[in-house]
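Since the structure comes first, as structure tokens, the remarks are kept for the end.
The values are calculated or read from the model by the stated rules, or taken from the named source; none is laboratory data. This structure is a prediction, so every number in the text was calculated from the model and none was measured. Here the Cβ is made from the backbone with ideal geometry for all residues, glycine too, and neighbour counts use every protein chain on show. Accessible surface is based on the protein model in full, side chains and every heavy atom, while ligands, DNA and RNA are left aside. Shrake-Rupley method; radii C 1.70, N 1.55, O 1.52, S 1.80 Å.
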Amino acid sequence: MSKQGILFVLTGPSGVGKGTVLAEVRKQKELYLSISATTRQPRPGEQDGVQYYFLTREQFEQKVAENGFLEHAEFSGNCYGTPAAPVDEQLAAGRDVMLEIEVQGAMQVHQMRQDAVRIFIAPPSFAELERRLTGRGTEDADAVSRRLETAKHELTLADEFDYIVINNTVEQATADVLAILRAESCRAARVEIK
Ligand code: 5GP
């Protein structure tokens, strides 16, 4: 039987750069990136089954009722959830899995999977987060201020996680995440000496 993969969770406030850092990490480390389900509307260029599975609220609730999500949360008026089956299949096949999710969901993962390794990406400052989220241009002013309000609370939860990476620059944050992934793969409990 092959060795079980490691479940990694990357979280942090919206706009902190989780997606950018993860894209860089994946150039250097093979990871199965879980595709979440969401009830939010696709942004221009987003495709169903690529960035997300876009579901109606009814479809989402149906999947919740069937216990189909590893975790799920409401964020800024929309629902987001991690489909459990693909994650379990990949882990069982010995592949490391990465979830890129918001903070409430990341905290739920810990309750369900105590062996998950959870990394919190923090901005260098709140002002910088505001600048990044506004500059991204993917949300209107109302949505940006809702996300910033949520971010204030999320930042207070950072020390609940296993690791905190401050995203000063993409290069440094990528190197930090890769170092964590590497170190976790060498944990005594995960290494079998033949
Ligand atoms: P966005 O609407 O900008 O794509 O995502 C909003 C937030 O939801 C981001 O912080 C993103 O990481 C998070 N998110 C994406 N997928 C999931 C998921 O499956 N579960 C949870 N809890 N959060 C998610």
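Looking for something hydrophobic (A, V, I, L, M, F, W, C), closer than 19 Å to Q111 by Cβ and within 14 Å of the ligand (Cβ to nearest atom) - is there at least one such residue anywhere in the stretch 54-64? Reasoning before the result, please.
Taking the stretch 54-64 as the starting set, the residues that turn out to be hydrophobic (A, V, I, L, M, F, W, C) are 54-55, 60, 64.
Subset that is closer than 19 Å to Q111 by Cβ: 64.
Those still in the list that are within 14 Å of the ligand (Cβ to nearest atom) too: 64.
Scanning the stretch 54-64 turns up at least one residue that is hydrophobic (A, V, I, L, M, F, W, C), closer than 19 Å to Q111 by Cβ and within 14 Å of the ligand (Cβ to nearest atom).
Output the residues belonging to the stretch 142-163 that are assigned to a loop (DSSP other than H, G, I, E, B) and either of a type outside the set (A, V, I, L, M, F, W, C) or open to solvent by 60 Å² or more (accessible area, probe 1.4 Å) (or both).
Step one: of the stretch 142-163, the residues assigned to a loop (DSSP other than H, G, I, E, B) are 156-157, 161-162.
Matches in the stretch 142-163: T156, D162.
Identify the residue in the stretch 180-194 that is of a type in the set (G, A, S) and open to solvent by 60 Å² or more (accessible area, probe 1.4 Å) and, among all such residues, is modelled with the highest pLDDT. So that I can check it myself, show each step before the final result.
Our first condition is that a residue be of a type in the set (G, A, S); within the stretch 180-194, this holds for 183, 185, 188-189.
Among the residues that remain, those that are also open to solvent by 60 Å² or more (accessible area, probe 1.4 Å) are: 188-189.
Values: A188: 94, A189: 91.
Top of the filtered list is A188.
Of the residues G49, G45, G68, which is out of contact with any strand residue (DSSP E or B) (no Cβ under 8 Å at 6 or more places or on another chain), touching a residue at least 12 places away in the same chain (Cβ under 8 Å) and more than 10 Å from the ligand (Cβ to nearest atom)?
Values: G45 fails: touching a residue at least 12 places away in the same chain (Cβ under 8 Å); G68 fails: out of contact with any strand residue (DSSP E or B) (no Cβ under 8 Å at 6 or more places or on another chain).
Just one listed residue meets the conditions, G49.
Mind listing just one residue for me: the one in the stretch 72-90 that is near the ligand (Cβ under 7 Å from one of its atoms) and in a strand (DSSP E or B) and, of those, surrounded by the fewest Cβ atoms within 10 Å (Cβ to Cβ)? Quick ask: steps written out before the conclusion?
Filtering the stretch 72-90 down to residues near the ligand (Cβ under 7 Å from one of its atoms) leaves 72-73, 75-76, 78, 80-82.
If we keep only those that are in a strand (DSSP E or B) too, we end up with 72-73, 75, 78, 80-82.
Values: H72: 23, A73: 18, F75: 19, N78: 13, Y80: 22, G81: 23, T82: 24.
The extreme case among them is N78.
Please pick out the residue among E139, E130 that is assigned to a loop (DSSP other than H, G, I, E, B) and within 16 Å of the ligand (Cβ to nearest atom). Break it down stepwise before answering.
Details: E130 fails: assigned to a loop (DSSP other than H, G, I, E, B).
Going through E139, E130 in turn, just one is assigned to a loop (DSSP other than H, G, I, E, B) and within 16 Å of the ligand (Cβ to nearest atom): E139.
Hey, any hits in the stretch 105-116 for a residue that's within 12 Å of the ligand (Cβ to nearest atom), small (G, A, S) and either open to solvent by less than 30 Å² (accessible area, probe 1.4 Å) or assigned to a helix (DSSP H, G or I) (or both)?
Checked the stretch 105-116: at least one residue is within 12 Å of the ligand (Cβ to nearest atom), small (G, A, S) and either open to solvent by less than 30 Å² (accessible area, probe 1.4 Å) or assigned to a helix (DSSP H, G or I) (or both).
Quick one: in the stretch 117-136, of everything that is open to solvent by 60 Å² or more (accessible area, probe 1.4 Å) and at pLDDT below 90, which residue is nearest to L22 (Cα to Cα)?
Checking each candidate, the answer is R136.
So is E46 open to solvent by 60 Å² or more (accessible area, probe 1.4 Å) and among the acidic types (D, E) or not? Spell out how you get there, then give the answer.
Details: open to solvent by 60 Å² or more (accessible area, probe 1.4 Å): no; among the acidic types (D, E): yes.
No.
Could you please tell me which pairs satisfy a Cβ distance under 7 Å, a separation of 6+ or placement on different chains, a first residue in the stretch 164-190 that is in contact (Cβ under 8 Å) with a residue 12 or more places away in the chain, and a second residue that is in a helix (DSSP H, G or I) and charged (D, E, K, R)?
As it stands, the answer is V165/D176; V170/E24; T174/E24, since those pairs meet every condition given.
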